[in-house]
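Worksheet: the structure to be examined is printed underneath.
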Amino acid sequence: MNNTHQEVPIHKIGCIQPHGILLVLEASELMIIQVSQNTETHLGISPEELLGKKLDRIISSNQIEPIKPYLEEKEFPGMDCLEVIVTNHKNEKLFYIGHIHRYEQTLLLELEKDTNQEEVSLIDFYRSSEFSVSQINNDLTFDQLCQIFAQEIRKISGFDRVMLYEFDYDWHGKVIAESKIEDIDSYLGLHFPAGDIPPLSRHLFSLQPLRFIPDVNYRPVGFFPETNPITQEALDLSFSILRGVSPIHIEYLQNMGVGASMTISLVKDNKLWGLIACHHKTPKFASRGLRMACKLLAKILLLELANIRRTHNYQYQVQIQNKEKDLIQIISNKQNLFENLRQYKRQLLELFEAEGLGIYLGDHYDTLGRCPRKQKVIELIEWIQNNYHQPIFYTNKLPKIYKKSEAYKTIASGVLVMSLSNNPWQYILWFRPEQKHMVNWAGSPNQLVYLDKNQKLHPRHSFKQWQEIVDGKSLPWQTIEIETAFGLRKSMLEIGFQEMNQLNQLNYELQQKNQDLDAFAYIASHDLKEPLRGIYNYANFLLEDYGDRLDKDGVYQLETLVRLSKKMANLLDSLLEYSRLGRANFSYEEVNLNEVIEQVLDMIKGRWEENSVTLNIPRPLPIIKADGARLYDLYINLLSNSIKYNDKEDKIIEIGYLSETEMLSKFSHHQLHQLNDPPFIFYVRDNGIGISSEHKKKIFQIFKRLHPPEKYGGGTGIGLTIVQKIIERHGGKIWIDSIVDTGTTFYFTLT
Ligand code: ADP
């Protein structure tokens with residue numbers, strides 16, 4: 001069962017309260033086309049008799065003429081407090097107060113008897129409102145101001161209880177001020193569940209700011225005819241002041257011990273902010289004049305409330321904005337904003353009233369104050385990424401929406417998470433601790449309504465205080481804090497963007513230089529090969545033809561020339577190959593890696609057999625999209641190295657790849673994300689000499705060798721540079737894991 005008062009279409013309830021009459025008029029002729037059934041009681045004229053008559057049957061045309069032009073206007077907003085003289089069946093003149101409005105095609109005129117004798121005189125009203133207003137001064141707190149208005153409204157209206165009711169973000173309401181007679185229970189500080197005032201009622205409150213029910217035991221008055229002749233539907237009473245009351249609301253008021261009620265809506269920025277609820281134990285009539293006076297006081301209150309809230313907010317706003325300004329100033333003067341963000345932890349933490357600050361950059365998590373652990377934060381960020389796609393996420397009740405956070409709710413029931421980048425992760429997180437507190441409800445919020453044995457819905461009987469301990473919630477994030485977070489993020493990204501632009505420019509220049517270098521290497525190696533071959537050949541000819549005429553030294557020098565020119569030719573070949581890699585187009589097709597390995601093994605069979613090598617391939621390699629010929633080069637280089645740089649008697653080499661579960665157990669989500677979430681991670685492992693950590697990056701540099709050429713049958717130092725280039729051209733990454741004297745594993749991805 002829905003835990004709320006039933007949503008009957010109360011704006012089309014089909015009846016009014018009996019303290020006035022309602023006439024529906026056809027707009028152009030002002031002809032009465034529908035009328036409330038109580039005209040006989042008020043005017044002695046039956047509804048049947050009025051129907052089809054023009055309005056001047058009861059109100060003289062000279063009273064109507066002045067307002068007629070307004071009635072014809074399409075956007076006619078309605079008129080209140082029209083003093084009219086109505087003629088009854090005895091031709092007597094009666095004083096009435098009219099309220100006229102148009103709703104869609106119909107004009108509705110509501111007439112209430114002018115209860116002159118009870119009227120608050122203008123002077124009285126002026127006196128009391130002037131007194132209320134004179135009590136307002138800058139030193140008043142928000143609560144004091146509300147209290148003054150509750151008292152003043154009770155003073156002029158004479159209701160037993162006047163309370164000010166403020167809606168929370170979830171539409172439950174809290175009584176923030178109350179003035180009452182002594183012998184009734186106080187509701188001050190109590191919370192009323194959102195279901196007490198359902199959405200439709202709230203909507204009607206914002207349309208018609210004053211709702212008056214002088215007698216909850218009233219007899220509803222229907223219409224003649226029952227449906228609106230123009231729309232052929234039940235008459236829409238959204239803007240009516242006499243509108244009948246839903247039976248369940250009547251019962252609600254009766255259960256509360258209320259005999260009459262007057263409710264004034266407090267609408268701020270087009271949103272229902274709160275209500276002034278006036279209750280009387282017995283039926284009570286408040287004249288139109290009195291109601292108007294109360295409405296006006298409510299308006300003054302709203303203006304003042306806005307002022308007080310604004311000053312309070314203003315101070316906090318200024319404070320927060322100053323801190324934000326200072327922070328932006330510092331960070332904009334420093335280089336590498338994101339890398340250095342952790343230097344500003346203190347300022348970031350102090351920006352908002354938080355107790356913990358976490359900065360997650362790349363793979364590093366830094367904290368200040370009370371924060372959840374790294375693993376928890378990783379899970380939290382992943383959950384936010386999957387469920388909310390906004391740059392800033394905030395809540396003051398994390399455990400309610402993310403169950404896993406229950407474990408650390410004492411430090412982070414509230415979080416504000418700012419994402420600067422998803423790849424790599426750049427996140428700033430503010431944490432607010434749980435604030436356990438007691439909420440006093442007016443009756444149990446868990447049982448607002450119940451069904452009787454005839455399936456009829458009833459409101460709760462008891463409004464006795466019911467206590468709830470609220471946990472898993474922190475202090476809420478204020479609008480100004482959220483706005484500041486958005487502003488700060490924007491500034492940070494702008495600063496970061498400028499840095500990135502500078503970096504891009506540098507990259508571009510570097511790329512240009514690289515291309516020039518590539519071109520240079522190509523031309524140099526290509527053009528040098530020819531003369532070098534000449535030198536090599538001529539040195540050989542010399543040796544062959546004149547070798548016997550030269551002394552030992554001469555022969556040795558010529559032999560060195562041959563050897564060096566050969567070596568140089570090899571170097572040039574490698575350089576040429578490398579420069580070609582940068583320029584060539586790769587052709588990507590389905591490649592069966594098992595076949596590639598087979599060809600590679602075929603090629604290096606000789607070296608294989610000279611050494612005692614055991615090769616493991618734990619499972620068949622996958623078929624992938626790649627350039628097969630380049631992968632052949634890649635594996636040749638890696639496998640040759642793993643044999644070359646291996647001094648063990650039994651050389652063991654393993655070629656394989658990590659499955660998804662192996663990847664997840666070896667690397668964090670975040671690391672995999674940084675590797676572009678590859679489908680596979682490939683590896684070549686050996687039990688060779690290993691590489692010390694300081695050389696792990698250097699080995700990929702061009703012509704970088706860790707050993708003299710004669711040791712380990714070393715090469716030109718370009719093999720791994722080529723491997724890296726091939727991998728990069730496939731969009732992958734290469735890195736190593738190595739222990740000196742134990743062995744090396746080369747890992748790489750290809751996407
Ligand atoms: P080279 O042509 O000299 O073999 P590479 O670029 O292939 O050049 O390798 C660069 C250096 O990295 C080598 O000189 C060697 O010191 C080191 N290296 C490469 N592979 C391995 C390996 N599997 N184990 C140990 N050291 C290695």
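The values are calculated or read from the model by the stated rules, or taken from the named source; none is laboratory data. None of these values were measured; they are calculated from a predicted model. No Cβ is skipped: glycine too gets one built from the backbone with ideal geometry, and neighbour counts run over all protein chains shown.
If you go through region 548-559 one residue at a time, do you hit one that is touching a Lys or Arg at 6+ places or on another chain (Cβ under 8 Å), acidic (Asp, Glu) and modelled with pLDDT of 70 or more?
The answer is no; no qualifying residue exists.
Whether any residue in region 407-423 is crowded, with 20+ Cβ neighbours inside 10 Å, touching a Pro at 6+ places or on another chain (Cβ under 8 Å), among the basic types (Lys, Arg) and modelled with pLDDT of 85 or more is what I want to check.
Checking region 407-423: at least one residue is crowded, with 20+ Cβ neighbours inside 10 Å, touching a Pro at 6+ places or on another chain (Cβ under 8 Å), among the basic types (Lys, Arg) and modelled with pLDDT of 85 or more.
Could you tell me whether residue 626 is of a type outside the set (Lys, Arg), more than 16 Å from the ligand (Cβ to nearest atom) and surrounded by 14 or more Cβ atoms within 10 Å (Cβ to Cβ)?
Criteria met by residue 626.
Within region 740-751, can you find the residues that are away from the ligand (no atom under 11 Å from the Cβ) and either out of contact with any Lys or Arg (no Cβ under 8 Å at 6 or more places or on another chain) or assigned to a helix (DSSP H, G or I) (or both)?
Within region 740-751, 747, 750, 751 meet the criteria.
For region 271-291, state whether one or more residues are under 18 Å from residue 198 (Cα atoms) and of a type in the set (Lys, Arg).
Yes - at least one qualifying residue is present in region 271-291.
What number goes with the only condition from (1) surrounded by 13 or more Cβ atoms within 10 Å (Cβ to Cβ); (2) in a loop (DSSP other than H, G, I, E, B) that residue 482 does not pass?
Of the numbered conditions (1) surrounded by 13 or more Cβ atoms within 10 Å (Cβ to Cβ); (2) in a loop (DSSP other than H, G, I, E, B), the odd one out for residue 482 is (2).
Kindly indicate the residue of region 571-597 that is aliphatic (A, V, I, L, M) and within 16 Å of the ligand (Cβ to nearest atom) and also nearest to residue 621 (Cα to Cα) among those meeting that condition.
Result: 581.
List, please: which pairs have Cβ atoms under 6 Å, are six or more places apart or on different chains, and start with a residue in region 691-716 that is under 18 Å from residue 636 (Cβ atoms) and touching a residue at least 60 places away in the same chain (Cβ under 8 Å) and end with one that is among the hydrophobic types (A, V, I, L, M, F, W, C) and not in a loop (DSSP other than H, G, I, E, B)?
Here the result reads 716/571, each pair linking region 691-716 to a residue that is among the hydrophobic types (A, V, I, L, M, F, W, C) and not in a loop (DSSP other than H, G, I, E, B).
Among strands (runs of 3 or more DSSP E) lying entirely in region 371-469, which contain 1 or more residues that are farther than 26 Å from residue 480 by Cα and within 17 Å of the chain's Cα centre (by Cα)?
Filter on region 371-469 gives an empty set.
Which numbered condition trips up residue 372, out of (1) surrounded by fewer than 19 Cβ atoms within 10 Å (Cβ to Cβ); (2) within 20 Å of residue 399 (Cβ to Cβ)?
Status for residue 372: all satisfied but (1).
Say whether the condition of being away from the ligand (no atom under 13 Å from the Cβ) and more than 26 Å from residue 705 (Cα to Cα) is met by at least one residue in region 630-639.
no
Within 16 Å of the ligand (Cβ to nearest atom) and over 27 Å from residue 588 (Cα atoms): is that true of residue 651 in this structure?
yes
So which pairs qualify, if the first residue must be in region 634-652 and farther than 23 Å from residue 724 by Cα, the second must be of a type in the set (A, V, I, L, M, F, W, C) and near the ligand (Cβ under 7 Å from one of its atoms), the Cβ gap must be under 9 Å, and the two must be at least 6 apart or on different chains?
Going by the 9 Å Cβ cut-off, the qualifying pairs are 647/689; 648/689.
Can you find even one residue in region 601-613 that is within 19 Å of residue 726 (Cα to Cα) and surrounded by 13 or more Cβ atoms within 10 Å (Cβ to Cβ)?
No, that holds for no residue.
State all residues of region 598-622 that are in contact with a Leu (Cβ under 7 Å, 6 or more places away or on another chain) and away from the ligand (no atom under 16 Å from the Cβ); if no residue qualifies, say none.
621, 622 - these are the residues of region 598-622 that are in contact with a Leu (Cβ under 7 Å, 6 or more places away or on another chain) and away from the ligand (no atom under 16 Å from the Cβ).
What do you reckon, is residue 388 aromatic (Phe, Trp, Tyr), under 21 Å from residue 472 (Cβ atoms) and free of Cβ contacts under 8 Å to residues at least 12 places away in the same chain?
In short, yes.
Surrounded by fewer than 15 Cβ atoms within 10 Å (Cβ to Cβ) and in contact with a strand residue (DSSP E or B) (Cβ under 7 Å, 6 or more places away or on another chain) - does that describe any residue in region 686-698?
Checked against the condition, which is being surrounded by fewer than 15 Cβ atoms within 10 Å (Cβ to Cβ) and in contact with a strand residue (DSSP E or B) (Cβ under 7 Å, 6 or more places away or on another chain), region 686-698 yields at least one hit.
What single numbered condition from (1) touching a Leu at 6+ places or on another chain (Cβ under 9 Å); (2) within 30 Å of residue 428 (Cα to Cα); (3) in a helix (DSSP H, G or I) fails to hold for residue 546?
Single failed check for residue 546: (2).
Taking into account only those residues within region 315-369 that are β-branched (Val, Ile, Thr) and over 21 Å from residue 480 (Cα atoms), which is surrounded by the fewest Cβ atoms within 10 Å (Cβ to Cβ)?
This residue is 330.
I'd like to check something: does region 219-239 contain any residue that is within 30 Å of residue 452 (Cβ to Cβ) and among the basic types (Lys, Arg)?
Scanning region 219-239, I find at least one residue that is within 30 Å of residue 452 (Cβ to Cβ) and among the basic types (Lys, Arg), so the answer is yes.
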